[in-house]
């Protein structure tokens, strides 16, 4: 059985550029309307640190509409997950521009007390937005997928009630950061973990449901749609070191292609998902949750999203949220 879980990182550009209305509010309104046509839901990974600081500094008037949209998503049954780019909390807003603190780029490399401050503040912010003092997000995605070294951050997040992570993309490697998910390639569709997100641990309080990837020749990443979206939002401002690290990331024959419903063409999406469907037809015994990723700032091609949803519906693939699948993966994970 397959469940496809659509997730969207609800955020502006990672360098602090861009407006909330254009990059978050308006595209998400269109995505909600598209999913309502099919009577299905997605997971919104709300970047709480970013919104918290924008609201605090009053740097974007559209924050009022964004807050209301997050409440509306929750009321209508879309799942609200926690997404964090911690560099926002020590960021400065000067002369109409955000200057983010890259020394706090990776949550997992910070001191435990600092991680605790950031996590507790971000969850408190979401509770205020939703007007629910007892709200606890079920799912988490780290900023830039950085969930290594895992142990301390995972313990803090689990201590705050979060149970599902979806930061891993199998085969992932970033030379400029502490990220190496190549060992996760040996794992199944999901797994429990504790100290190391790459290593299954039946006693762990977490369940990893990774972003679905396929290992492909690196040149498969160079489609015009993907490159065009990657070049938006200040990509040209990368330092020489950042560009070099990016080249090193790609300097291997096989590279993990994420199931990205914003950056992939319809034929790419159908081809990747079609392989999962055929595998499931051949052996329907394993449960296969498949996580698709998108970003609000990349949402420009809604016809492809609609056509992909039609493809899934035609092939009998359910579209679910983490809340829908959690009871099943929790039970199966601890019986393995």
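Selection over region 68-92 of residues that are more than 18 Å from residue 119 (Cβ to Cβ) and surrounded by fewer than 17 Cβ atoms within 10 Å (Cβ to Cβ) gives a count of 7.
Results for (1) touching a residue at least 24 places away in the same chain (Cβ under 8 Å); (2) under 18 Å from the mean Cα position of the chain (by Cα); (3) over 30 Å from residue 150 (Cα atoms), shown as yes or no for each residue.
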residue	(1), (2), (3)
21	yes, no, yes
32	yes, yes, yes
67	yes, no, yes
82	yes, yes, no
105	yes, yes, no
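A quick yes/no check of all residues on (1) closer than 30 Å to residue 276 by Cα; (2) touching a strand residue (DSSP E or B) at 6+ places or on another chain (Cβ under 7 Å):
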{"residue": "79", "(1), (2)": "yes, yes"}
{"residue": "99", "(1), (2)": "no, yes"}
{"residue": "108", "(1), (2)": "no, no"}
{"residue": "113", "(1), (2)": "no, no"}
{"residue": "120", "(1), (2)": "no, no"}
{"residue": "129", "(1), (2)": "no, no"}
{"residue": "133", "(1), (2)": "no, no"}
{"residue": "151", "(1), (2)": "no, no"}
{"residue": "162", "(1), (2)": "yes, yes"}
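The single condition from (1) touching a helix residue (DSSP H, G or I) at 6+ places or on another chain (Cβ under 9 Å); (2) surrounded by fewer than 15 Cβ atoms within 10 Å (Cβ to Cβ) that residue 118 fails is (2). Inspect region 2-15 for any residue being touching a strand residue (DSSP E or B) at 6+ places or on another chain (Cβ under 9 Å), at pLDDT 95 or above, buried (at least 20 other Cβ atoms within 10 Å of the Cβ) and part of a loop (DSSP other than H, G, I, E, B) and give the result as yes or no. Yes, region 2-15 contains at least one residue that is touching a strand residue (DSSP E or B) at 6+ places or on another chain (Cβ under 9 Å), at pLDDT 95 or above, buried (at least 20 other Cβ atoms within 10 Å of the Cβ) and part of a loop (DSSP other than H, G, I, E, B). Within region 160-180, the residues that satisfy the criterion of being within 20 Å of residue 333 (Cα to Cα) and either buried (at least 17 other Cβ atoms within 10 Å of the Cβ) or free of Cβ contacts under 8 Å to residues at least 12 places away in the same chain (or both) are 162, 163, 164, 165, 166, 167, 168, 169, 170. Residue 51 passes every criterion in (1) part of a helix (DSSP H, G or I); (2) in contact with a strand residue (DSSP E or B) (Cβ under 7 Å, 6 or more places away or on another chain) apart from (2).
With the condition being in contact with a helix residue (DSSP H, G or I) (Cβ under 6 Å, 6 or more places away or on another chain) and at pLDDT 95 or above, I'd like the helices (runs of 4 or more DSSP H) fully within region 248-336 carrying at least 2 qualifying residues.
Of the helices (runs of 4 or more DSSP H) lying wholly inside region 248-336, those with at least 2 residues that are in contact with a helix residue (DSSP H, G or I) (Cβ under 6 Å, 6 or more places away or on another chain) and at pLDDT 95 or above span 266-282, 302-314.
Set side by side, the residues 89, 125 differ, and just one is at pLDDT 95 or above and more than 17 Å from residue 14 (Cβ to Cβ), which is 125. Of the residues in region 195-216, none is in a loop (DSSP other than H, G, I, E, B), within 18 Å of residue 295 (Cα to Cα) and at pLDDT below 95. Summed over region 321-336, the residues that are surrounded by fewer than 22 Cβ atoms within 10 Å (Cβ to Cβ), in contact with a strand residue (DSSP E or B) (Cβ under 9 Å, 6 or more places away or on another chain) and within 22 Å of residue 45 (Cα to Cα) give a count of 6.
The values are calculated or read from the model by the stated rules, or taken from the named source; none is laboratory data. If you're wondering where the values come from, they're calculated on a predicted model, not measured in any experiment. Positions of Cβ are generated from backbone atoms using ideal geometry, with glycine treated the same way; all protein chains shown enter the neighbour counts.
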